[in-house]
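Asks: Handing you a structure now.
The values are calculated or read from the model by the stated rules, or taken from the named source; none is laboratory data. Predicted, not measured: the structure shown is a model, and the values here were computed from it. Cβ placement follows ideal geometry from the backbone for every residue including glycine, while neighbour counts extend to all protein chains displayed.
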Amino acid sequence: MTTRRRTALVTGASSGIGRATAIALRDKGFRVIGTTRNPATAPTIDGVEWLALDLESRDSIAACAAAAGPVDVLVNNAGESQSGAFEELPLDALDRLFQLNVLGPVQLTQLLLPGMRERGHGRVVMVGSMIASFPLPYRSSYAATKAAIRAFSTAARPELAPYGVWLTTVEPGSINTGISQRRTKYVAEDSPFRAECDTVIGVLDGKEAKGISADDVAETIVEAVEATEPKSLYARGSNAPVVFALRRIAPRGVVETITSRMFGLKR
């Protein structure tokens, strides 16, 4: 790398994990660019610059990448949380979720990778979720998006690693960022799935209220950014070392049953 100050672009940096990550990278000496839909209403964070980014708009994504200039670290954090009965998920809502959580981050990454590759150094962190590894009933759409973004990252690692560019995924478990209040929910009042869905989401909300902090996740993201050869996957929270060990040794059906029962389903 040259003596140019390293630049990190963090999407969704106005709150939660994004905000904590922007601050943590700033404290590590990075020039930090945060994104938000409307920079005019972004919070003032010392040492953080702002760019507009609407992940639903391909033009906005292209404009953000162009305005950012050379980027050494990309943290794809922005996205949406969603819940609901599989049978009742509106297709328009699924289109939106996959654009926000998968296709938008993929496009932004594609635009920034050539510069990283040409400079011989880069880090891309996909902020996923442990739900990708442990899918949860009534969270099928969200689990699918997080599994998809991890698959992009994992599969592309060997393509970029020879150029000094490393892709990795950070999967938080339950995290207390207030996301429970912003989660979109699709289940009808008279739905046959309503009671079960409410039970699962109620347990989930309780776990998130007691979950790890955004700062904890940011610490893991910085660990991945600073590693010489970042791991493919980092998990933090929700007893990650124990549950991932269980996933490796227990039959898939057993893990699925345990997961369902942990969230109030008796089957």
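Asks: When Tyr186 is evaluated against the numbered criteria (1) touching an Asp or Glu at 6+ places or on another chain (Cβ under 6 Å); (2) buried (at least 21 other Cβ atoms within 10 Å of the Cβ); (3) farther than 27 Å from Asp27 by Cβ, which criterion, by number, is the only one it fails?
Replies: (2)
Asks: Related question: Any residue in region 72-88 that is surrounded by fewer than 16 Cβ atoms within 10 Å (Cβ to Cβ), farther than 30 Å from Val187 by Cβ and either aromatic (Phe, Trp, Tyr) or more than 21 Å from the chain's Cα centre (by Cα) (or both)?
Replies: no
Matching residues to (1) over 20 Å from Glu226 (Cβ atoms); (2) under 14 Å from the mean Cα position of the chain (by Cα):
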{"position": "Met130", "(1), (2)": "yes, yes"}
{"position": "Arg139", "(1), (2)": "yes, no"}
{"position": "Ala143", "(1), (2)": "yes, yes"}
{"position": "Lys146", "(1), (2)": "yes, yes"}
{"position": "Tyr163", "(1), (2)": "no, no"}
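Asks: Only strands (runs of 3 or more DSSP E) wholly contained in region 39-117 count here; list those with 1 or more residues that are farther than 26 Å from Arg4 by Cβ and either in contact with a strand residue (DSSP E or B) (Cβ under 8 Å, 6 or more places away or on another chain) or among the hydroxyl-bearing types (Ser, Thr, Tyr) (or both). Give the steps one after another, and end with the answer.
Replies: Working: elements: 48-52, 73-76, 82-84.
Hits in region 39-117: 82-84.
Asks: If I ask for residues that are part of a loop (DSSP other than H, G, I, E, B), more than 15 Å from the chain's Cα centre (by Cα) and at pLDDT 95 or above, which ones from region 1-37 would you list?
Replies: Listed by number, the residues that qualify are Arg6, Lys28, Gly29, Phe30, Arg37.
Asks: Does Thr168 fit the bill of being of a type in the set (Val, Ile, Thr), at pLDDT 95 or above, closer than 22 Å to Ser260 by Cα and in contact with a helix residue (DSSP H, G or I) (Cβ under 8 Å, 6 or more places away or on another chain)?
Replies: No.
Asks: Right, Thr228: surrounded by 15 or more Cβ atoms within 10 Å (Cβ to Cβ), among the polar types (S, T, N, Q) and either within 30 Å of Gly120 (Cα to Cα) or free of Cβ contacts under 8 Å to residues at least 60 places away in the same chain (or both) or not?
Replies: no
Asks: So which residues in region 139-183 are under 13 Å from Asp205 (Cα atoms) and touching a residue at least 24 places away in the same chain (Cβ under 8 Å)? Don't jump to the end; show me each part of the working.
Replies: Going through region 139-183, the residues under 13 Å from Asp205 (Cα atoms) turn out to be 139, 173-183.
Matches in region 139-183: Arg139, Gly173, Ser174, Ile175, Asn176, Thr177, Gly178, Ile179, Ser180, Arg182, Arg183.
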